[in-house]
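The block underneath contains the structure these notes are about, expressed in structure tokens.
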Amino acid sequence: MPLDDAVQQVLPSVRADLERLVRIPSVSADPAAAPHLRDSAALVAALLEAAGLPEVDVLAVPGGQPAVLARRPAPPGAPTVLLYAHHDVQPAGDRAGWDTDPFQPTETGGRLFGRGAADDKAGIAVHLAALRAHGTALPVGVTVLVEGEEEIGSPTLLPFLDTFTDQLAADAVVFADAVNWTADVASLTTSLRGGATITVELRTLDHAVHSGLFGGPVPDALTSLCRLLATLHDERGDVAVAGLHRGAADPVDLTEAQLRADAGVLDGVRLIGTGSLTDRLWAAPSITVIALDAPSLANASNTLQPVARAMVSLRVAPGDDADRACEAVKAHLRAHAPWGAHVTATSGGTAAPFTVQTGGRAYQAAHQALAQAWGRPALDIGVGGSIPFVTAYAERFPAAEILITGVEDPDARAHGANESLHLQTFHRACLAEALFLDSLTPS
């Protein structure tokens, strides 16, 4: 049977299994969801075993979430390909922002809605489709790793790699966890920004006081924190932290109209920063305030708050050192404390930026497979996000070719309300991966 017919034949079962996965609220950030993480890992393991991989294990290192590692050894003379995805998901957030139940997959307008439908349970489903299409005639060795803590920064990644190094060696790696240029134009991601999350706490008082009695000369913590956070950007919207690296990116053909539409920017709201749009998205640092600890409107009172906290997300440009960049941001926050406020800044782990070495056999084969599946050439693009596993794996296996592919499209809304998977893009991604594995058959 031709491979494209084989992929078409397995798509209904793959779609059904993707929906089974989406129904499991495997939120790695929520300690109470630990049973769901175990259920999700168990289902992934069962699916990979049913797909014909003879070695399947659910593994974890101390303190880590369960990952699934499955293998089929390579035929004589054939390469081994590692297929990566993750089964953990972001929290659903405010359910009021969703048009459907986030953990009840729902198809509307050619898209499958649900938390994880795109990021990254669709990546698992793409791997399943490629495996099922080949059946017992896999032309290459395959190792599948489905991580369980990517959405919290892979905190036990390094000990996991150290513990299972022998099982993870491969000639090429497919990370199915990025985005395509559009729903109709495939892409390979050739650069990733690094990342870090920083928590800043600001104190001005040892207790809350009446705003009428003390407001004026006495600074409150929340107003002070707002002024501090404002120093992170200049008047043009560029990051104002000294010492952060900034590079340049291929402008491709991204227009402001396309970016505004993809991001849902409201009419009249101006874009921030300077340089080309792709420079700002892929090759420059960015800082975003992603959370505040402060009284809610419902619980507000007329008091000067003694303490306020914020969490900021730092994206680090390719070519920069993530640890050094994180320290620079923390130093900036401490140095710019307004009115003598007491400021502490703390961070967890960092994710290093990464630039893919292009031009190898697997890279060329991936481009050919994507072009065949989509009916047009694929683009090489940068992505502003981070995948901690990519850099960590590349450091341990420098000879392996790294391929970062996408199941998402710009309207997938990963991490946000109404996350969804464009089903036609998904179908093409399944075919492309099956074709890619076939193209690596030894001549």
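The values are calculated or read from the model by the stated rules, or taken from the named source; none is laboratory data. The model shown is predicted, which means the values in this text are computed figures rather than measured ones. When we count neighbours, we look across all protein chains shown, and the Cβ atoms used for this are built from the backbone with ideal geometry, even at glycine. SASA here: full protein model, heavy atoms, side chains in, ligands and nucleic acids out. Shrake-Rupley method; radii C 1.70, N 1.55, O 1.52, S 1.80 Å.
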Under the condition of being surrounded by 15 or more Cβ atoms within 10 Å (Cβ to Cβ) and not β-branched (Val, Ile, Thr), which residue from the range 295-310 is farthest from residue 383 (Cα to Cα)? 304
Count of the range 80-103 residues which are in contact (Cβ under 8 Å) with a residue 24 or more places away in the chain and out of contact with any helix residue (DSSP H, G or I) (no Cβ under 8 Å at 6 or more places or on another chain): 9
Residues within the range 212-267 that are of a type in the set (D, E, K, R), modelled with pLDDT of 95 or more and under 16 Å from residue 283 (Cα atoms), tallied: 2
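Residue by residue, here is whether (1) closer than 29 Å to residue 63 by Cβ; (2) open to solvent by less than 10 Å² (accessible area, probe 1.4 Å); (3) modelled with pLDDT under 95 holds:
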position	(1), (2), (3)
118	yes, yes, no
129	no, yes, no
133	no, no, no
137	no, no, yes
148	yes, yes, no
158	yes, no, yes
174	yes, yes, no
177	yes, no, yes
Name, by its number, the condition in (1) open to solvent by less than 40 Å² (accessible area, probe 1.4 Å); (2) within 21 Å of residue 406 (Cα to Cα) that does not hold for residue 109. (1)
So residue 237, is it in contact with a Gly (Cβ under 8 Å, 6 or more places away or on another chain), of a type in the set (Gly, Ala, Ser) and free of Cβ contacts under 8 Å to residues at least 60 places away in the same chain: yes
Going through the range 366-413 one residue at a time, which ones are surrounded by fewer than 22 Cβ atoms within 10 Å (Cβ to Cβ) and in a loop (DSSP other than H, G, I, E, B)? 375, 376, 377, 384, 385, 397, 398, 399, 400, 410, 411, 413
The residue from 197, 274, 255, 303 that alone is more than 23 Å from residue 346 (Cβ to Cβ), touching a strand residue (DSSP E or B) at 6+ places or on another chain (Cβ under 7 Å) and of a type in the set (Ser, Thr, Tyr) is 303
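So that you can scan it fast, the table gives a plain yes or no per residue for (1) within 19 Å of the chain's Cα centre (by Cα); (2) within 30 Å of residue 430 (Cα to Cα); (3) free of Cβ contacts under 8 Å to residues at least 60 places away in the same chain:
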residue	(1), (2), (3)
310	no, no, no
313	yes, no, no
316	yes, no, no
350	yes, no, no
354	yes, yes, no
366	no, yes, no
382	yes, yes, no
Identify all residues within the range 224-245 that are outside any loop (DSSP other than H, G, I, E, B), open to solvent by less than 60 Å² (accessible area, probe 1.4 Å) and within 17 Å of residue 291 (Cβ to Cβ); write none if there are none. 225, 228, 229
So, in the range 29-59, of the ones that are more than 28 Å from residue 427 (Cβ to Cβ) and among the small types (Gly, Ala, Ser), which residue ends up farthest from the chain's Cα centre (by Cα)? 32
Note on the range 310-352: residues touching a Pro at 6+ places or on another chain (Cβ under 8 Å) and in a strand (DSSP E or B) are 314, 315, 316, 348, 349, 351
Within the range 183-203, take every residue that is among the β-branched types (Val, Ile, Thr) and either touching a Phe, Trp or Tyr at 6+ places or on another chain (Cβ under 6 Å) or open to solvent by 40 Å² or more (accessible area, probe 1.4 Å) (or both) and give me the one that is nearest to residue 127 (Cα to Cα). 197
Scan of the range 414-431 for residues that are acidic (Asp, Glu) and open to solvent by 30 Å² or more (accessible area, probe 1.4 Å), ordered by number: none
